[in-house]
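The values are calculated or read from the model by the stated rules, or taken from the named source; none is laboratory data. Model, not experiment: these values are computed from the prediction. With ideal geometry, Cβ positions are generated from the backbone for all residues, glycine too; neighbour counts draw on all protein chains shown.
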Amino acid sequence: MRYLSDVLKEEYGEKIYKLSLSSGCTCPNRDGTVGTGGCTFCSEGGSGDFAAAFAPIPQQIREAQARIRQKTDARRFIAYFQSFTNTYGDVDRLKRLYEETIRREDVVALSIGTRPDCLGDEVMEMLFSLNKEKPVWVELGLQTAHDDTAKRVNRGYDLGCFEAAYARLKAAGLTVILHLIFGLPGESREDMLDSVRYIAALKPQADGVKLQMLHVLKGTELARQYEEKPFPLLSMEEYTDLIAESVRILPEDMVIHRMTGDGPRKLLIAPLWTTDKKRVLNTLRRKLANTVPNREKEDRRP
């Protein structure tokens, strides 16, 4: 089990912090190109509610660094473009924006959140070129490996689309990080673990994974559905049990970027236990302390 913070400290000799930035992009699942309304769980902030408002990059970085430096003397950063779909739109504009960002001395890597249906030839050429300068991470919001669930949450692409994009990214030598959400409507515990098993079995292997609980946020289609007909949500014990089991399933050298996530308190409807992050993390630590990956058990068999 490898955690991102440890991997970065080993590589750079110090703690590396993320700057949550905005590229000014929208999403094809919002503007009608693929669909409207976006994924049912996606807020008006495009799943980047903690990201900076769109502004010139130097301003965004300066303000994001100032917030971080209120608590630490951070020197180097990962530039994380999280909100909406950050490879969607004018590629020339995006290339200028990302080049300006990645060429900063205090930025060690570029992390770009996007969709697998927004990785055309020009975009791939841009990412390949940027990756020659510094590491480029491409974060794909898979969320689930089940197409029936994907339709329920209006993801807007099927698993075949994901697999084609994933193969292209890996062939181009890019770092690929996959997102999964536990607790999506209609999914059983086994469905969720099947998505983990799917990621674990990908060839070539994914570089990293982000795991998080489903948040029901105000203003989303999911919130409307929840208020109209509440669906069951995972308890903290159920969620942390799933995380511990996921760690047993995932490859030993896959980097875990996140095991829990924050929903903005002003928007969060449920589950409210996620706001007690200290309790959640302590519960995770306790359960993970007794977790031995299945692959290690298998390696020790006579």
ask   = If the Cβ limit is 6 Å and pairs must be 6+ apart or interchain, which residue in the stretch 235-256 that is free of Cβ contacts under 8 Å to residues at least 24 places away in the same chain pairs with which residue that is among the acidic types (Asp, Glu) and surrounded by fewer than 17 Cβ atoms within 10 Å (Cβ to Cβ)?
value = none
message = So Thr72 passes all but one of these: (1) in contact with a helix residue (DSSP H, G or I) (Cβ under 8 Å, 6 or more places away or on another chain); (2) surrounded by fewer than 20 Cβ atoms within 10 Å (Cβ to Cβ). Which condition number does it fail?
response = (1)
request  = Within the stretch 190-207, identify whether any single residue is in contact with an Asp or Glu (Cβ under 8 Å, 6 or more places away or on another chain), crowded, with 18+ Cβ neighbours inside 10 Å and closer than 29 Å to Asp92 by Cβ, and answer yes or no.
outcome  = no
task = Inspect all residues belonging to the stretch 295-302 and state whether any of them is touching a residue at least 12 places away in the same chain (Cβ under 8 Å) and of a type outside the set (D, E, K, R).
result = no
key: Pick from the stretch 201-224, criterion out of contact with any strand residue (DSSP E or B) (no Cβ under 9 Å at 6 or more places or on another chain) and in a helix (DSSP H, G or I), ranking: farthest from Ser246 (Cα to Cα)   = Arg224
ask   = Being assigned to a helix (DSSP H, G or I), surrounded by fewer than 18 Cβ atoms within 10 Å (Cβ to Cβ) and without any contact (Cβ under 8 Å) to a residue 40 or more places away in the chain, is that true of even one residue in the stretch 172-189?
value = no
inquiry  = Quick check on the stretch 35-51. Is at least one of its residues farther than 30 Å from Arg155 by Cβ and either surrounded by fewer than 21 Cβ atoms within 10 Å (Cβ to Cβ) or not small (Gly, Ala, Ser) (or both)?
reply    = no
task = Please find, among Val216, Val209, the residue that is in contact (Cβ under 8 Å) with a residue 24 or more places away in the chain, touching a helix residue (DSSP H, G or I) at 6+ places or on another chain (Cβ under 7 Å) and over 30 Å from Ala109 (Cα atoms).
result = Val216
Which listed residue is over 22 Å from Trp273 (Cβ atoms) and modelled with pLDDT of 95 or more, from Val209, Val216 = Val209
request  = Sort out which residues of the stretch 101-153 are assigned to a loop (DSSP other than H, G, I, E, B), touching a helix residue (DSSP H, G or I) at 6+ places or on another chain (Cβ under 7 Å) and crowded, with 18+ Cβ neighbours inside 10 Å, and write them in order of number.
outcome  = Leu119, Thr144, Ala145, His146
note = Subset of the stretch 240-260, residues touching a Ser or Thr at 6+ places or on another chain (Cβ under 8 Å) and either outside any helix (DSSP H, G or I) or on the phi > 0 side of the Ramachandran plot (or both), comes to Thr260
ask   = on the phi > 0 side of the Ramachandran plot and out of contact with any strand residue (DSSP E or B) (no Cβ under 7 Å at 6 or more places or on another chain) - does that describe any residue in the stretch 168-187?
value = yes
request  = Tell me which of these Phe77 doesn't satisfy, since it passes every other one: (1) surrounded by fewer than 19 Cβ atoms within 10 Å (Cβ to Cβ); (2) over 30 Å from Gly35 (Cβ atoms); (3) not β-branched (Val, Ile, Thr).
outcome  = (1)
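For (1) among the hydrophobic types (A, V, I, L, M, F, W, C); (2) in a loop (DSSP other than H, G, I, E, B); (3) under 30 Å from Gly186 (Cα atoms), each residue gets a yes or a no:
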{"site": "Glu14", "(1), (2), (3)": "no, yes, no"}
{"site": "Cys25", "(1), (2), (3)": "yes, yes, no"}
{"site": "Pro28", "(1), (2), (3)": "no, yes, yes"}
{"site": "Gln65", "(1), (2), (3)": "no, no, no"}
{"site": "Phe84", "(1), (2), (3)": "yes, yes, yes"}
{"site": "Thr87", "(1), (2), (3)": "no, yes, no"}
task = Hey, could you check the stretch 9-19 for residues that are free of Cβ contacts under 8 Å to residues at least 12 places away in the same chain and closer than 19 Å to Asp253 by Cβ and say which is surrounded by the fewest Cβ atoms within 10 Å (Cβ to Cβ)?
result = Glu10
key: Enumeration of residues in the stretch 1-48 that are among the acidic types (Asp, Glu) and out of contact with any Lys or Arg (no Cβ under 8 Å at 6 or more places or on another chain)   = Asp6, Glu10, Glu11, Asp31, Glu44
query = Which of the following residues is of a type in the set (Asp, Glu), in a loop (DSSP other than H, G, I, E, B) and more than 22 Å from the chain's Cα centre (by Cα): Asp92, Asp73?
reply = Asp73
